[in-house]
1. Of all residues in region 55-68 being within 18 Å of LYS33 (Cβ to Cβ) and outside any strand (DSSP E or B), which is farthest from the chain's Cα centre (by Cα)?
2. Could you look through region 21-33, keep only residues that are out of contact with any strand residue (DSSP E or B) (no Cβ under 6 Å at 6 or more places or on another chain) and assigned to a loop (DSSP other than H, G, I, E, B), and pick out the one that is surrounded by the most Cβ atoms within 10 Å (Cβ to Cβ)?
3. Which numbered condition in (1) exposed (fewer than 14 other Cβ atoms within 10 Å of the Cβ); (2) on the phi > 0 side of the Ramachandran plot; (3) within 22 Å of the chain's Cα centre (by Cα) is the only one that GLY9 fails?
4. Output the residues belonging to region 1-15 that are at pLDDT 95 or above and not in a strand (DSSP E or B).
5. Does PRO81 satisfy being modelled with pLDDT of 85 or more and touching a helix residue (DSSP H, G or I) at 6+ places or on another chain (Cβ under 7 Å)?
6. Filter region 51-67 down to the residues that are at pLDDT below 95 and β-branched (Val, Ile, Thr) and list them by number.
7. Just need a number here: residues in region 57-92 that are buried (at least 16 other Cβ atoms within 10 Å of the Cβ) and of a type in the set (Gly, Ala, Ser).
8. Is it the case that region 39-54 has a residue that's within 24 Å of VAL96 (Cα to Cα), without any contact (Cβ under 8 Å) to a residue 12 or more places away in the chain and not in a strand (DSSP E or B)?
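The values are calculated or read from the model by the stated rules, or taken from the named source; none is laboratory data. Just so it is clear, the structure is predicted and the values come from calculations on it, not from any experiment. Cβ coordinates were reconstructed from backbone atoms using ideal geometry, including for glycine residues, and neighbour counts include every protein chain displayed.
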Amino acid sequence: MNSLNVKKGDNVIVLTGQDKGKKGTVISASPKKQTVRVEGVNVVTKHVKPRGPQNPGGMMKEPGNIHVSNVQIICPDCGKPTRVGHAIVDGKKARVCKHCGASLDKQAKAAVKKEKKAARKPKKEAEEATPVAEEAPAPAKKKPARKAKKAEE
């Protein structure tokens, strides 16, 4: 089975490796590869090729993948690293803390919603600015210089 007990937005602690003991938020999870990307953990340097004036390229630092078995979820209620249990809550299967029994799903969903809202705000502001520019009358088309000279002769 390719399901993970860790989801995007979960707070986790790294159990093994060079970043042992570091805490961070899961940026992405890949169930097929059984890996996760955690903010500030396993930072790798990527060499990016220039792709035009907006993307100059260079050396970029970004978090790399680590195996899901090397991280453990931190419970939002008791604050302890915990194993994940499953229980039926309100008729749905939910992830719960093995120590205190609190649901782990509500915090992850709230964090992902906040990220999506933050990402949408700049787009809305840009959309509001463009209609003002469209209301102004368009300038008359100018004839190319060659045609204007020929018309004068």
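1. VAL68
2. PRO31
3. Of (1) exposed (fewer than 14 other Cβ atoms within 10 Å of the Cβ); (2) on the phi > 0 side of the Ramachandran plot; (3) within 22 Å of the chain's Cα centre (by Cα), only one is false for GLY9: (1).
4. LEU15
5. Working: modelled with pLDDT of 85 or more: yes; touching a helix residue (DSSP H, G or I) at 6+ places or on another chain (Cβ under 7 Å): no.
It is false that PRO81 is modelled with pLDDT of 85 or more and touching a helix residue (DSSP H, G or I) at 6+ places or on another chain (Cβ under 7 Å).
6. none
7. 0
8. Here is the first cut: in region 39-54, the residues within 24 Å of VAL96 (Cα to Cα) are 39.
Okay, now just the ones that are also without any contact (Cβ under 8 Å) to a residue 12 or more places away in the chain, so none.
Scanning region 39-54 turns up no residue that is within 24 Å of VAL96 (Cα to Cα), without any contact (Cβ under 8 Å) to a residue 12 or more places away in the chain and not in a strand (DSSP E or B).
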